[in-house]
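The values are calculated or read from the model by the stated rules, or taken from the named source; none is laboratory data. Please read all numbers here as calculations on a predicted model, not as lab measurements. So basically every Cβ, Gly included, is an ideal-geometry build from the backbone, and we count neighbours across all protein chains shown.
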Amino acid sequence: MNIAIFVSGNGTNCENLIRYFEHSDQIHCALVISNKPEAYALVRAERLGVPAKVINKAQLNDSDVMMPLLREYEIDFIVLAGFLPLVPDFMVAAYPRRIINIHPALLPKYGGKGMWGHHVHEAVKAAGETETGMTVHYVTPVCDSGEIIAQYRVALTPDDTADDIAEKEHQLEMKYFPKVVEDVLSKFIIHC
Ligand code: GAR
């Protein structure tokens, strides 16, 4: 199966996924797509030899741009790894239960508009939460609302700063996200 990884920023998850599946016979990271030309994820993809494309907002929302691009790379499945724009409806329809997203909190808490990256960890800190975590979920046209596939938790202490919370949560992402992707994809591979 060919996967496309959609990114907007640093790309630590993107790199982790590419490395995890590097020697897989069945899962191939075929394309990285960024909506930000300056995203460091693009540098990581290039270093790892994965083709990368930059798209602007109009292109993302144009099925005559996106569908041929996804077809060109024979993309079967899409992983959003720190991708901030909403996925357009036509893509959700074209990839039913084949687009998943990682979110840096325990959804449904701390999801929705404006809740991304450090904003999430600052909100978790401000609320005095005793735990946080990561969520992987199917993507629907409504932000952060699709069916939850997996969640992993980590305890917080009152001394943890927003940066500490971010670091603890990031460790979960590095440890668990590729395996969750693999588990979701293995269901497709068995049924192919
Ligand atoms: C990750 O923490 C991911 O959970 C989060 O963006 C970060 C991307 O980091 N996603 C969201 O906030 C989506 N709402 P990375 O670019 O280093 O992988």
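Observations, loosely collected:
- Of all the residues in the range 56-91, those that are touching a residue at least 12 places away in the same chain (Cβ under 8 Å) and either more than 16 Å from the ligand (Cβ to nearest atom) or farther than 25 Å from T12 by Cα (or both) number 17.
- Some residue of the range 19-41 being surrounded by 16 or more Cβ atoms within 10 Å (Cβ to Cβ), within 16 Å of the ligand (Cβ to nearest atom), among the small types (G, A, S) and outside any loop (DSSP other than H, G, I, E, B): yes
- D159 at pLDDT 95 or above and loosely packed, with under 13 Cβ neighbours inside 10 Å: yes
- Yes/no for N35 being over 14 Å from M91 (Cβ atoms), of a type outside the set (D, E, K, R), in contact with a helix residue (DSSP H, G or I) (Cβ under 8 Å, 6 or more places away or on another chain) and in contact (Cβ under 8 Å) with a residue 40 or more places away in the chain: no
- Filtered residues of the range 42-62 (kept if out of contact with any Ser or Thr (no Cβ under 6 Å at 6 or more places or on another chain), outside any loop (DSSP other than H, G, I, E, B), more than 16 Å from I99 (Cα to Cα) and not basic (K, R)): V43, A45, E46, A52, A58, Q59
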